[in-house]
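Notes follow the structure.
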Amino acid sequence: MRTDSPHIPRFRLLLGLLQGAALYALYQSHDLKVWPATEPLWFAPLLMLSVLLPLLGGSAWGRLSGLAWGQWVAVALGVVAALAVYDLWRMGPVPQGRSPTVFPSFNAWAFISAGLFMAQALVLSAAQDGRRVASYTTYFDQAWKLGIQLLFSLFFVGALWLMLWLGAALFGLIGLRFLRALLSELWFNLPVSAMAMAWALHLTDVKPDIVRGIRGLLLVLLSWILPVVTVLTAGFLASLPFTGLEPLWATRQATSVLLVTAASLVVLINTAFQNGERAEQVNRAVRFCARLACCLLLPLVGLAVYALSLRVAQHGWSADRVIAAACQVVALGYALGYAWAAVSRANGWLAPIAWVNVRVSWWILVTLLALFTPLLDPSRIGVNDQLQRLREGRIRADQLDFRYLRFESGRFGDQAVRALAKGELAGVPAAEAAAAARGAQAALAWKSRYDMPERRTTDLTLDAAGLRRNVKAVWPQGASLPDSFLAASWNTPGRMARFSADVPSCLTQRDTACEAVLLQMDDDLAQEVLILQRLPSARVVLFDQDAQQVWQLVGTLPAHLVTCEAHVERLREGRFEVVPARLRELRLGDVPVSVRDDGGWLNQPPTPLPPGCR
């Protein structure tokens, strides 16, 4: 079918009008609390279909034959509806007293939209070439064309509304408020927005040369960002042998940052590679950086895999970690394929990238489908792993994350909490079953994920033996923590309210390591305790006794101190001095380190670092 046929814009505008009407009808049902809003398993798929299907159908109309268009829309309708229903079902029953959840989750919107975009590009490419597997040039053209169409269509809709509100302001200057009132009505602005989106998609579809020109300019500009990101990534990887991995793990964001960096490199490499037919037109510096970036992907993704494996080994699987693992599998496919392309002697510059991109695209679609079905449901896997760790004795009942089970893992977590509360979960050791039941019964009484004070002050409180196990070393060598410090309870409600966020987790949670340094910061000859904790979050905290001989948190030092091995060694060996000042201060060699004792950073110069410290 020809995209310049006169009936094509009419049909696309009709789809936009129907889309706006459907969205308004759904809004009204939700506002009035009538069907389908009263039936979440109906409302969620209808909402998702009303948003996504007209865009997909309008874009494909005129590009596919009538039969092929109907088949593709029917398949998309069935898949989206099924995934939306399952997404609502897995959220679980609604807690008593709360309104029913009728909207799909953020992950469902994001991943299903991305999957439809990729599938649309694959289908339209196959239709254009007249075969199931199109040429890479066609895939490249279709994918970038669709992306630019969506981007500029959204810009068009935004510009239209800006002008409409400007017109309302003009009429308001002469006392006419009708346009402002009209623009505030959903029955008007939803259809107008949908029709504007449909018209913008049509205009960008029938002017391919304009889209191609914009795409070319955008790709050239982005390709020159590739050398910057490549140099930064290479510098980061080259620094690791000198800094070690501990500062990286201390951020607790290593996996996500590494994966985002890898994804950025993949996108930028493709802006330089494009369809693989213009290698001679690419600047030599960009070509060199693209080849180097292909090699950097593998160690970058390898670090992300290692970071996630450490978290899983320490805390087990959760929904977020399952999604991260799925992203890592995809990233590993790109990393291996691009490394092969970098060293391959195939005809053409980085020629294997074309083969890799197509295969990984299909793999991404399969992975997305698996994540939103029972096959690889992240919540199901996370809950089952937590329970299996309990059964095998790798964690105790008081280490179960009931907040995660109760509020963050949907139906599967809710079922697990209820089974634990009734003592019906098979395989749980008898010694832990009673504690698990108490924790689960308390969790069922929580009305929100923040309703956890009882659990924090009872189940997690460490005794002296547990605290002694957590503190792996006490300096100077041969010293030991005061018995009164070991007997203190840092979970007491309201205690040290100003510094509650700074209390090291090794004083409140089991199986968390730290070190202690005994020193004297005052003239009262009493010993004070400096706690150094690296993981799961960096903490350097000073404790002292008040007039009643009760241990209190009296200040903190910069957290990056604990990541600098030179400073830590000085503290261990006692090579520091206490400097009398308005603020308590340590001097490590020539470097002064001030204690923060007012609950916030004071207006003072940052602590300088010696060479080799971060």
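Checking the range 40-49 against the condition returns no match, with no residue being part of a loop (DSSP other than H, G, I, E, B) and either open to solvent by 30 Å² or more (accessible area, probe 1.4 Å) or within 30 Å of LEU444 (Cα to Cα) (or both).
Would you mind listing the helices (runs of 4 or more DSSP H) fully within the range 214-332 where at least 2 residues are modelled with pLDDT under 95 and surrounded by fewer than 15 Cβ atoms within 10 Å (Cβ to Cβ)?
Result: 226-243, 284-315.
How do the strands (runs of 3 or more DSSP E) wholly within the range 461-548 filter down when requiring 2 or more residues that are in contact with a Pro (Cβ under 6 Å, 6 or more places away or on another chain), surrounded by 14 or more Cβ atoms within 10 Å (Cβ to Cβ) and at pLDDT 85 or above: which remain?
Fully inside the range 461-548 and qualifying: 528-533.
Given the structure, is VAL358 touching a residue at least 60 places away in the same chain (Cβ under 8 Å) and open to solvent by less than 60 Å² (accessible area, probe 1.4 Å)? Answer is yes for this residue. On the given criteria, is ALA121 surrounded by fewer than 19 Cβ atoms within 10 Å (Cβ to Cβ) and in a helix (DSSP H, G or I)? No: the conditions fail for ALA121.
Every test in (1) part of a helix (DSSP H, G or I); (2) closer than 30 Å to THR261 by Cβ; (3) open to solvent by 70 Å² or more (accessible area, probe 1.4 Å) is passed by ARG345 save one, and that test is (1). Comparison of LEU160, LEU166 shows that the only residue that is surrounded by 15 or more Cβ atoms within 10 Å (Cβ to Cβ), hydrophobic (A, V, I, L, M, F, W, C), out of contact with any Ser or Thr (no Cβ under 7 Å at 6 or more places or on another chain) and at pLDDT 95 or above is LEU160. On inspection, ARG575 passes the criterion of being in contact with a Gly (Cβ under 9 Å, 6 or more places away or on another chain) and at pLDDT 80 or above.
Residue-by-condition table, conditions (1) among the acidic types (Asp, Glu); (2) farther than 29 Å from LEU83 by Cα; (3) at pLDDT below 85:
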position: LEU390; (1), (2), (3): no, yes, no
position: PHE407; (1), (2), (3): no, no, no
position: GLN415; (1), (2), (3): no, no, no
position: GLU424; (1), (2), (3): yes, yes, yes
position: GLU432; (1), (2), (3): yes, yes, yes
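Suppose the filter is open to solvent by less than 40 Å² (accessible area, probe 1.4 Å), under 22 Å from ALA200 (Cα atoms), in contact (Cβ under 8 Å) with a residue 40 or more places away in the chain and under 32 Å from the mean Cα position of the chain (by Cα); does GLN142 pass it? It is false that GLN142 is open to solvent by less than 40 Å² (accessible area, probe 1.4 Å), under 22 Å from ALA200 (Cα atoms), in contact (Cβ under 8 Å) with a residue 40 or more places away in the chain and under 32 Å from the mean Cα position of the chain (by Cα). Within the set PRO36, PRO6, the sole residue that is modelled with pLDDT under 95 and open to solvent by 70 Å² or more (accessible area, probe 1.4 Å) turns out to be PRO6.
For the range 173-205, the tally of residues that are of a type in the set (Val, Ile, Thr) and surrounded by 15 or more Cβ atoms within 10 Å (Cβ to Cβ) stands at 2.
Tallying residues that are hydroxyl-bearing (Ser, Thr, Tyr) and assigned to a loop (DSSP other than H, G, I, E, B) within the range 27-39 yields 1. For the range 263-284, state whether one or more residues are closer than 30 Å to VAL562 by Cβ and of a type in the set (A, V, I, L, M, F, W, C). Taking every residue of the range 263-284 in turn, none turns out to be closer than 30 Å to VAL562 by Cβ and of a type in the set (A, V, I, L, M, F, W, C). With respect to the conditions (1) over 23 Å from TYR86 (Cα atoms); (2) of a type outside the set (Val, Ile, Thr); (3) at pLDDT 95 or above, MET1 lacks only one, and its number is (3). Flag: LEU154 matches the condition of being aliphatic (A, V, I, L, M), under 32 Å from the mean Cα position of the chain (by Cα) and open to solvent by 60 Å² or more (accessible area, probe 1.4 Å).
Flag not set for GLU565, criterion: at pLDDT 85 or above and open to solvent by 20 Å² or more (accessible area, probe 1.4 Å). Against the numbered list (1) open to solvent by 20 Å² or more (accessible area, probe 1.4 Å); (2) of a type in the set (Phe, Trp, Tyr); (3) closer than 14 Å to ALA443 by Cβ, PHE402 comes up short only at (1).
The values are calculated or read from the model by the stated rules, or taken from the named source; none is laboratory data. Treat the numbers as computed from the prediction; the structure is a model and nothing was measured. All Cβ positions, even for glycine, are placed from backbone atoms using ideal geometry, and neighbour counts span all protein chains on display. Heavy atoms of the whole protein, side chains included, go into the accessibility calculation; ligands, DNA and RNA do not. Shrake-Rupley method; radii C 1.70, N 1.55, O 1.52, S 1.80 Å.
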